[in-house]
Amino acid sequence: MSNRIDEKFKQLKAQNKKALITYIAAGDGGLDLTEKAVLEMEKNGADIIEIGVPFSDPIAEGKVIQEASLRSLRDHHTTLKAVFAMVEKLRKQTDMPLLLMLYANTIFRSGTDAFFDKCREVGIDGVIVPDLPFEEHDEFQEAAERNAVYNISLVTPASTGRIEKIASAAQGFLYCVSSVGVTGMRDKFSTDFDAFFSEIAKYSKIPYCVGFGIRNGEAAQKMGSYCDGVIVGSAVVNQIGEYQQEALPHVAALCQELRRGLDKA
Amino acid sequence: MSKIGRFGDFGGQYVPETVMNAVSELQEAYEKYSKDPEFLKELQDLYHNYAFRPSLLYYADKMTKDLGGAKIYIKREDLNHTGSHKINNALGQVLLAKKMGKKRVIAETGAGQHGVATATVCAYFDMECEVYMGREDMERQALNVYRMELLGAKVTGVDSGTATLKDAINEAMRDWATNIATTFYCIGSVMGPHPYPTMVRDFQKIIGEEAKQQILEAEGRLPDCVVACVGGGSNAMGIFYDFIPDTSVRLVGAEAGGKGADTEFHAATLTKGDLGIFHGMKSVFLQNDEGQIAPVFSISAGLDYPGIGPEHAYLHQTGRADYISITDEEAVQAFEYLSRTEGIIPAVESAHAVAAALKIAPTMQKDQIMIINLSGRGDKDVQQIARYRGVNLNV
């Protein structure tokens, strides 16, 4: 079965472009706003979108996404079912790759098989599960594969000695975490990127993209130069957090800036 | 792929990639040192000469006569240095951290007992120590906050979520992911990713080993029932573990029933929870249909946790141990009962075990034996119990 993620990277490669992957916290400001923001991001240069399903205890997130998650749950009572319904509506309007970023318990609790069946049904191309390391990938692998949904693998600067095994089993794209710690915008990085990415390049057979801490066009350009794309989360979520229902022009402007930066990389 | 660190289907290592190498490093270090006679000798020495082990196995004569059922013995973990069983695990983990060359130790704490124990051992070993504690718990346990600070630890309040134990764990995990190279995360219970549930149980199993030897000396036979309170479950695993092969010994865990397991306000995980994946482990959690972790409620900050260690989930599933829920009111009554009857003020956590004993012991025969694990002393709780009873202490 083909997957929109593979198609997208093939297409980008042919155009000699890098992937701009953005993240949005589903239901922050309501799911109607999320739906509009996804389309707005696509219109303004995003190639792939990660839709974050809110969780009560997001242990891998920094303050910005933690608070967005909380607003989504507290103010809008966002459910997985409602997120799937939104994706179903989005699928009628776009053919871009859509991923869900969510914690293991959200999948497990909804029934692993039923969850991945639903992903295929509504047109989800991949999942990113921050609390599912390589050692536990088996938990969801069979159900994901049966539905042609990629379970995206992550490597971090603390993955010394693990990159080979993770990269060789990865599907779709490899998510390279720029620095240790939690998600969030950073002013500077302490990672030795040359060493980190040369290790990744050695083992990755699929595109690899970098995320965590990329806040603007300048950072997108710098980080994009190391790999096949950049992933921007907290900077987008921050715009929605600040402007809520009026956020779309701000989100659009940010995506344009990121796109310009990335195109220079 | 191998399924390591599993108790049946429970356990595992569901943690972010950033901490996987640290988890593996800990696993290797623990495998090495747990077989190293030098390490074990050093730990035994600390148990005896610093923590004041072995703890007493005390025959509760008045309670036995009053209840008219089983002979009741109390394992006095409250008499350990720092006032609870938590010192056993803190000594083990911080000694291991030292061997691993770590300079900084972080911990989460609910009631403050694990935080105090960790701060104490860090002071002893000259290690930097930071303890995460829910803001709500800092208010409930102000005395323990000050104790930790006296011991040189930094106490960081956590405002996110419900501002209790689970949120303190979330924040400690975030710190760990950020400071992975320098920092050792000293988890206070038999929970989290492998190797923690096994390692913490091993550091606590001395409770059961001593209790078994002591009861054999006192009575010449095994007990019929062992009772302990269960939050994450470390004191219970500690006293249960050595008795697991002795199938004639009934093992009973007392969970925090709050205002009642049938209300919305409790922390009775095994009574009311469902299988899930959280805090590094597959186990049983209180959660809604969407998998959102539920807010929990208990008079006891130490039992106020929406999950339980994976080995308990396994003992529950296999029927080897029974778990019952004890309400706040029952725990407070047991707190007062033990104070008046035996002159021992229990921690409000441990009072849940006493309350379970008050229910079970009278149903047993006079020639049967029960051991209650008294996991901690109650000085820290006096003010809160007074408040519960409507007494104003003006402090």
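The values are calculated or read from the model by the stated rules, or taken from the named source; none is laboratory data. Note that the structure is predicted; figures quoted are calculated from it, not measured. So basically every Cβ, Gly included, is an ideal-geometry build from the backbone, and we count neighbours across all protein chains shown.
Quick one: count up the residues across region B:185-222 that are within 23 Å of B:Q13 (Cβ to Cβ), in a loop (DSSP other than H, G, I, E, B) and either aliphatic (A, V, I, L, M) or modelled with pLDDT under 95 (or both). Number satisfying all stated conditions: 3.
Tell me, please, whether a residue that is more than 14 Å from chain A (Cβ to nearest Cβ), surrounded by 18 or more Cβ atoms within 10 Å (Cβ to Cβ) and in a helix (DSSP H, G or I) can be found in region B:48-65. Yes; the residues of region B:48-65 include at least one that is more than 14 Å from chain A (Cβ to nearest Cβ), surrounded by 18 or more Cβ atoms within 10 Å (Cβ to Cβ) and in a helix (DSSP H, G or I).
Report whether or not A:S198 is crowded, with 17+ Cβ neighbours inside 10 Å and either outside any strand (DSSP E or B) or touching a Leu at 6+ places or on another chain (Cβ under 8 Å) (or both). Lay out the reasoning, then the answer.
Working: crowded, with 17+ Cβ neighbours inside 10 Å: no; either outside any strand (DSSP E or B) or touching a Leu at 6+ places or on another chain (Cβ under 8 Å) (or both): yes.
Taking the combined requirement at face value, the residue does not satisfy it.
Of the residues examined, B:G12 is one that is buried (at least 18 other Cβ atoms within 10 Å of the Cβ) and either away from chain A (no Cβ under 14 Å) or in contact with a Gly (Cβ under 7 Å, 6 or more places away or on another chain) (or both).
The requirement of being in contact (Cβ under 8 Å) with a residue 24 or more places away in the chain and surrounded by 16 or more Cβ atoms within 10 Å (Cβ to Cβ) is satisfied by B:A321. Residues in region A:173-195 that are in a strand (DSSP E or B) and not aromatic (F, W, Y): A:L174, A:C176, A:V177.
For region A:171-182, the tally of residues that are more than 10 Å from chain B (Cβ to nearest Cβ) and surrounded by fewer than 24 Cβ atoms within 10 Å (Cβ to Cβ) stands at 2. Taking the residues in region B:14-36 that are closer than 18 Å to B:D202 by Cβ and outside any helix (DSSP H, G or I) as candidates, determine which candidate is nearest to the chain's Cα centre (by Cα). Filtering region B:14-36 for residues that are closer than 18 Å to B:D202 by Cβ and outside any helix (DSSP H, G or I), the one nearest to the chain's Cα centre (by Cα) comes out as B:S34.
When region A:122-142 is filtered for residues that are surrounded by fewer than 20 Cβ atoms within 10 Å (Cβ to Cβ) and aliphatic (A, V, I, L, M), only A:V122 remains.
Scanning region B:274-300 for residues that are surrounded by 23 or more Cβ atoms within 10 Å (Cβ to Cβ), within 10 Å of another protein chain (Cβ to nearest Cβ) and within 19 Å of B:D137 (Cα to Cα) turns up just one, B:I293.
Return yes or no: is B:A177 buried (at least 18 other Cβ atoms within 10 Å of the Cβ), at pLDDT 95 or above and more than 12 Å from the chain's Cα centre (by Cα)? Walk me through how you get there before you give the answer.
On the way: buried (at least 18 other Cβ atoms within 10 Å of the Cβ): yes; at pLDDT 95 or above: no; more than 12 Å from the chain's Cα centre (by Cα): yes.
No; evaluated as a whole, the condition is false for this residue.
Of the residues in region B:223-246, how many are assigned to a loop (DSSP other than H, G, I, E, B) and either in contact (Cβ under 8 Å) with a residue 40 or more places away in the chain or surrounded by 21 or more Cβ atoms within 10 Å (Cβ to Cβ) (or both)? Please lay out each step first, then the result.
Of region B:223-246, the ones assigned to a loop (DSSP other than H, G, I, E, B) are B:223-224, B:231-233, B:244-246.
Retained after the next criterion (residues that are either in contact (Cβ under 8 Å) with a residue 40 or more places away in the chain or surrounded by 21 or more Cβ atoms within 10 Å (Cβ to Cβ) (or both)): B:223-224, B:231-233, B:244.
Number of matching residues: 6.
Checked against (1) among the acidic types (D, E); (2) buried (at least 22 other Cβ atoms within 10 Å of the Cβ); (3) free of Cβ contacts under 8 Å to residues at least 60 places away in the same chain, B:E77 passes all but a single condition, namely (3). The criterion of at least 2 residues that are among the aromatic types (F, W, Y) is met, among helices (runs of 4 or more DSSP H) falling completely within region B:318-388, by B:328-342.
Confirm whether B:I187 is surrounded by 24 or more Cβ atoms within 10 Å (Cβ to Cβ), of a type in the set (V, I, T) and under 30 Å from B:Q368 (Cβ atoms). Steps first, answer last, please.
On the way: surrounded by 24 or more Cβ atoms within 10 Å (Cβ to Cβ): yes; of a type in the set (V, I, T): yes; under 30 Å from B:Q368 (Cβ atoms): no.
No, not satisfied.
Any idea which residue in region B:143-160 is surrounded by the fewest Cβ atoms within 10 Å (Cβ to Cβ), counting only those that are in contact (Cβ under 8 Å) with a residue 24 or more places away in the chain and not aliphatic (A, V, I, L, M)? Among residues in region B:143-160 that are in contact (Cβ under 8 Å) with a residue 24 or more places away in the chain and not aliphatic (A, V, I, L, M), the one surrounded by the fewest Cβ atoms within 10 Å (Cβ to Cβ) is B:D159.
Remark: B:S84 matches the filter, which requires a residue to be closer than 27 Å to B:I299 by Cβ, touching a residue at least 40 places away in the same chain (Cβ under 8 Å) and of a type in the set (S, T, N, Q). When B:S84 is tested against (1) farther than 30 Å from A:I59 by Cα; (2) among the polar types (S, T, N, Q); (3) touching an Asp or Glu at 6+ places or on another chain (Cβ under 9 Å), exactly one condition is not met: (1). Condition check for B:T182 on (1) modelled with pLDDT of 95 or more; (2) more than 17 Å from the chain's Cα centre (by Cα): one failure, at (1).
Restricting attention to region A:98-144, the residues that are aromatic (F, W, Y), within 26 Å of A:E42 (Cα to Cα) and within 11 Å of another protein chain (Cβ to nearest Cβ) add up to 2. The residues of region A:122-140 that are part of a loop (DSSP other than H, G, I, E, B) and under 23 Å from A:I24 (Cβ atoms), listed by number, are A:G123, A:I124, A:D125, A:V129, A:P130, A:D131, A:L132. Might you let me know whether region A:141-153 holds any residue that is touching a strand residue (DSSP E or B) at 6+ places or on another chain (Cβ under 7 Å) and among the hydroxyl-bearing types (S, T, Y)? Taking every residue of region A:141-153 in turn, at least one turns out to be touching a strand residue (DSSP E or B) at 6+ places or on another chain (Cβ under 7 Å) and among the hydroxyl-bearing types (S, T, Y). With respect to the conditions (1) in contact (Cβ under 8 Å) with a residue 40 or more places away in the chain; (2) part of a loop (DSSP other than H, G, I, E, B), A:R215 falls short on a single one, namely (1). Residues in region B:110-141 that are more than 26 Å from B:Y388 (Cβ to Cβ) and part of a helix (DSSP H, G or I): B:T118, B:A119, B:T120, B:V121, B:C122, B:A123, B:Y124, B:F125. Annotation: of all residues in region A:141-172 being in a helix (DSSP H, G or I) and polar (S, T, N, Q), the one that is modelled with the lowest pLDDT is A:S168.
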